[in-house]
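Everything below concerns the one structure shown next.
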Amino acid sequence: MNNSGTAVREVLEYLNLNERHILVVVDDFNLPLGKIRIRESGSSGGHNGLYSIIYHLNSENFPRLRCGIASESIPADKNKISDFVLSQFTNTENKIVRQMILTARDAAISAVRQDLPTTIRNFNNKQI
C-alpha cells in the first residue's frame, strides 16, 4: 500500500481515466475503529499510501474512503504505529471491522451508482 501510487497511475493511464474516476479505500488510525469517512479530495493525512498516490498523480483531487482502525490498543508512541497497523484485531474488534467493511462496501457501491455528494451525506455520519 505504501507505494501504490505507481500502480494507480499506470492503471489510470492504461484505461485513459483521470483521478476523479477512482475511489481509494484505505485504513486510518486517526479514525475510531468502525467509522468510515468519505472525501472528494484532500491531503494524505499522514497515510503513506495516500501520499504515494498523491505524489504519482500529482494531485490530491481523487475520492477516498477511509476506514477507521483506531482502538484502545493504539500506541501513544508514533514509532510503534506500523506494528499496530499490521497487528491482528481482537475478537471483539473483528465484529466491528466486519460491519465496517460491509458499510464501506455499500458506500463504494453508492458512490458508483449515485454520486459522491449523496454518498458523503448518507455515509459519513453513519454510526457502526
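Structure notes:
- Within segment 36-55, the set of residues being in contact with a helix residue (DSSP H, G or I) (Cβ under 6 Å, 6 or more places away or on another chain) and either modelled with pLDDT of 95 or more or of a type outside the set (S, T, N, Q) (or both) comprises I36, I38, E40, S52, I53, Y55.
- Selected residue (criterion: farthest from A70 (Cα to Cα)) from residues of segment 1-35 that are in contact with a Gly (Cβ under 7 Å, 6 or more places away or on another chain) and not in a loop (DSSP other than H, G, I, E, B): V26
- Set E19, E60, E93: member being over 27 Å from P117 (Cα atoms) and either surrounded by 16 or more Cβ atoms within 10 Å (Cβ to Cβ) or at pLDDT 90 or above (or both): E93
- Residues in segment 10-36 that are among the charged types (D, E, K, R) and touching a Leu at 6+ places or on another chain (Cβ under 6 Å): E19 only.
- Single unsatisfied condition, L65 versus (1) surrounded by 14 or more Cβ atoms within 10 Å (Cβ to Cβ); (2) at pLDDT 85 or above; (3) part of a helix (DSSP H, G or I): (3)
- Qualifying residue in segment 14-23 (condition: in contact with a Ser or Thr (Cβ under 9 Å, 6 or more places away or on another chain) and among the hydrophobic types (A, V, I, L, M, F, W, C)): no
The values are calculated or read from the model by the stated rules, or taken from the named source; none is laboratory data. Just so it is clear, the structure is predicted and the values come from calculations on it, not from any experiment. Please note: Cβ atoms are built from the backbone with ideal geometry, for glycine as well, and neighbour counts cover all protein chains shown.
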